[in-house]
Amino acid sequence: MALAVEQECILEMKNIHKSFGGLKALDGVNLDLRCDEVIGLVGDNAAGKSTLMKILTGFYHADSGSISLDGKQVRIDSPKVSKRLGIEMVYQNLELCQNMNVTENLFLGREIMRDPVLRFLKRNQMDKKSVEILHKLKIDIQEPRKRVDKLSGGQQQAVAIGKAVSFDPKMLVLDEPTANLALKEIGKVLDIVLQLKENGIPAIFISHRLDDVFHVCDRIFVLRGGRRVTVKKISETNHDEIVRYMFLGDGEEEPQRA
Amino acid sequence: MDEPQETGTKAVKKAGLFGFIRKWDFSGEIVSILIALIILCAFFSLTSPYFLTIKNILNFTMNTSILGIMAAGLFIAMVIGEIDVSQYSILALSTAIMVIFIRRGMNSGLAIVIAIVVALVCGMINGFSVAFLRINPIITTLGTMMIYRGIAFKITEAKALGVTGVFFSAVGSGRILGIPVSVYIMLGIYLLVHIMLTYTAHGKRVYAVGGNPEASFISGIDVRMVRFWGLVVSGAAAGLAGLIFVSQVGATVPTAGQGGLMDVITAVILGGISLSGGKGKVAGTLIGVLILAILSNGMVLLSVQSYYQTIVKGGVILMAVFVDSVRGGGFK
Amino acid sequence: MKEKVKKMFLLSLCLAFVLSTASVAFASDRIEVDEEDGVYTLGINNFRDSFEFCWKVHQNIEEYAEKYGIKTIYAEANMEPEAIKANLDTFALQGVDAIFEFNWITDVTAKFVRENPDIVVVTGDYIVDGAYYFGANQYQAGVVLGRYLAEQVEKRWNGQLDAMVFAACYQCGELLIQRMDGILDGYKETFPDFPDDMVFRFENNNPTSQQTQNTKQIVTDFYTAHPDMTHIVVGTNNDEGGLGAMAAVETMGKEENFFIVSHGGDTPFHEKIRAGKGDVWIGSVAYMPERYGEFMIPWLKDILDGKDVPREMSPEHFVLTAENLDQYYPD
């Protein structure tokens, strides 16, 4: 965790503006992610966190601003492009198919097939790989053919994260990964996030639970009303200060205001 | 025809029927309707001396192959979360066109190909409307049901038109090892569907789109195309069933199936599909088809008044939907 | 545990369903097929009992079958080709000697007749090669009605007719169409120059329960579009349609401008005649469904006994009117 040394930026979102009709959702937001860190993205409802992430993952297009990956400017037109660029997201409502098993969910859309036409699956190979993926994240799920709706909330979250990392992404976006989880499970999920960092996958961690943010993150970005209010190193701030920023907005304003 | 058994260390080993059921996924549904099927068979074999004869069993399985093939196609559409009430109309239209061409001197083989193409086109129209124009599948297929049927009436002038030929005799009356050809075709279709759904990526995407279309989309699956093909398959099944129909009945009949569309849906629901999509085994549909066939056959053997038949069929539908809702939400 | 309870519950549910289905079957009349020598068995493959005409035919056949010692097995096919075939196959399986087929789809029955030459098949009201025929000659019935209509138009309207409106189930198949074509042809025997562009044909749909309302709408709409016409004939393929036409005419208050003719000679017609509407609903050609058994069963017995009898038998068609109703259907 070499926070004192400036590491190379892997992601840079500059001056992102987005409006929906008359509503200004993002007003010149900047965000950067370095290759060895987990950053927290916090803010009240309608602060713009989801919108910003949806732009990053290709669901929305920014009205103006730029996105760069590894120093190169990129255009993210769709979720498919976002994935291809190595940006994976774990969604708030998990986006797992409850009617399918662990392996099937991990490989959904990217199955290992014997042939491209009939698309017969290499089921045993996929099962083996599933176990490997989960093992790498130190997730304890022994039966890859167990249906996902029979897993606990924490285990399902683990599978969702496993799915996101299974194809060696450049970075991960985690949207409220610990919401709706029991205390015991939260700890497990946070361990996975730290494991991810150890494995060299930086992440953006969105959460309302500041405890969790302070536990796993290196830096914290605060949004309010579509603007970035502040960015702080975790070691240089505390809960109360962050809460103040979230709800009162004291702090640096973005250069271009409406 | 179920998922392979779990090899987890925590599998509960209880003796007897319940332990057997407990180890399987999904099997609760299949086992319960299988038991219903067995009990029905037992009942009719006790009350009619003709029921449990090979001839009768072959008869009703052969006669139900039309419904059976359509149900297999509808099953796929319903797993995806769609529905198709236009199947019988597609059957009527595709067979009408085929028979008219044959009667005008066209080679049978070519006419049969045209029939399948017509069925595919009808399915594509349904699929396009639902998947790309985003029209509700019930409304779409209700509309096309009437359009296809209307066209069939127009071109046949509302008359049944007879046809003969080697192909139709072979499929309609032919037997291999004593079993009617149409039964082989029906079973073959079910096997194909099972293999496709269990062992191929196509099948997994069918379940995925039915279970969680958002997750499927995010995973890079073209949800629209899956929905599109679901209705194409359903239409194709109707076309294939149409060939069997003409072979068995000896004609195209423009009024075919006007009362029968509920039977196809009933068979699929009875077989354990979830009405919201994403769940179900095609083997269940086959059992559902057989249950309906046995009910009809048994009631004819016992000379049961048609009013009772209607009541029983209605009861079956209610039962199937009720069981589906219990499975889906009752205990959760 | 919950899983087990759920599965047990489902199992018992299915069991309960099967038992209740079974008990319904028990509650009905069950006829066991007897293999006694000398006792013939007749399979009746009806359209459906909820259709009055077919119900009457069914009842009368059962009555006379019993009188002549013929056992019957009954099934309905609702004009569904698959069901027709399945029922016929099942009858054959049960060893019937004869079948009365009453679903009017030629090809299905023709195939069965070809494949089962040992079973005497009698088709009701439609003709199939190789089968015996009993029943109406639909076209001829229409002709008889058309002739009577011509007579009335000449007598009461001095031969003036502005339009002939047919409201019928054209999608029900060729036999229904023949009924209506027969009326026109019978009429044209007297008035050969009646122009074709004054004949209007409208679809009034299945099921029968909607035909009345649909016919009423058709007649009302037609008159609305042609208010200048003073002499209009409405022809329907059955009495349910005739009832709808009558309702339209009564509602519009145009009884002096209409004649209604129909096929069937059934209860709806009787009731309207007895209500004094015989001047408007001038006739319905009788099919006498309540006497089908009376004519058919003795003839069938002769066939089964190997006697030399004609392959066709028809009741005579005549037009029921206000004048002769009491003669055939005393109040």
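Here, each number is a calculation from the coordinates, and none is a lab measurement. Here the structure is a predicted model, which is why all the values come from computation and not from measurement. Please note: Cβ atoms are built from the backbone with ideal geometry, for glycine as well, and neighbour counts cover all protein chains shown.
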- How crowded by other chains is B:207-220, given as the mean number of beta carbons from other chains within 10 Å of each beta carbon? 6
- Item | Cα long-axis angle, helix A:123-136 against chain A (0 to 90 degrees, to the nearest 10) | 40 degrees
- Message: Report the Cα centroid-to-centroid distance between segment C:260-331 and segment A:86-120 in angstrom, as an integer.
- Response: 70 Å
- Roughly what angle does helix A:239-248 make with the longest principal axis of chain A, taking Cα atoms, 0 to 90 degrees, to the nearest 10? 70 degrees
- Across B:297, B:136, B:126, the residue with the highest GNM fluctuation in chain B (Cα network, 10 Å cutoff) is B:136
- Note on the structure: One point scatterer per Cα, no solvent, Debye formula: log10 I(q)/I(0) for segment C:138-286 at q = 0.14 Å⁻¹ comes out as -0.56
- Please work out the Cα center distance from segment B:278-300 to segment B:204-249, rounded to the nearest Å. 20 Å
- Item | Gaussian network model of chain A, Cα within-10 Å springs - most flexible of A:46, A:164, A:203 | A:46
- Query: Where the centre of each part is set by its Cα atoms, how far does segment C:162-187 sit from segment B:74-115, in angstrom?
  - Reply: 31 Å
- Note on the structure: Relative to chain A, whose Cα atoms define the longest principal axis, helix A:183-198 and its Cα axis are tilted in degrees, nearest 10, by 80 degrees
- Inter-chain shielding metric for B:247-259, i.e. average beta-carbon neighbours from other chains within 10 angstrom, reads 6
- Message: Over 21 Å between Cα atoms: which of A:18/A:54; A:80/A:170; A:163/A:233 fall into that group?
- Response: A:163/A:233
- Message: On a 26 Å Cα-Cα criterion, which of the cross-link pairs A:83/A:232; B:281/C:4; C:85/C:307; A:184/C:4; B:159/C:155 come out too long?
- Response: A:83/A:232; C:85/C:307; A:184/C:4; B:159/C:155
- Note on the structure: Residue-normalised 222 nm signal for the protein assembly as shown, counting each DSSP H run of n ≥ 4 as -39,500 (n - 2.57), nearest 500 deg cm²/dmol, is -16500 deg cm²/dmol
- In peptide C:84-91, what is the residue-averaged number of other protein chain Cβ atoms found within 10 Å of each Cβ? 6
- Item | Overall dimensions of the protein assembly as shown as given by Cα atoms, namely Rg and Dmax in Å | 35.8, 116
- chain C, Gaussian network, Cα under 10 Å: of C:107, C:181, C:97, the residue fluctuating most is C:107
- Compute the Kirkwood hydrodynamic radius of segment B:16-325, taking the inverse of the mean of 1/r over all pairs of distinct Cα atoms, and give it in Å to one decimal. 19.9 Å
- Derived scalar couplings ³J(HN,Hα) [segment A:84-92; Karplus, 6.51 cos²θ - 1.76 cosθ + 1.60; whole Hz; x for Gly, Pro]: 4, 7, x, 9, 10, 10, 10, 7, 4
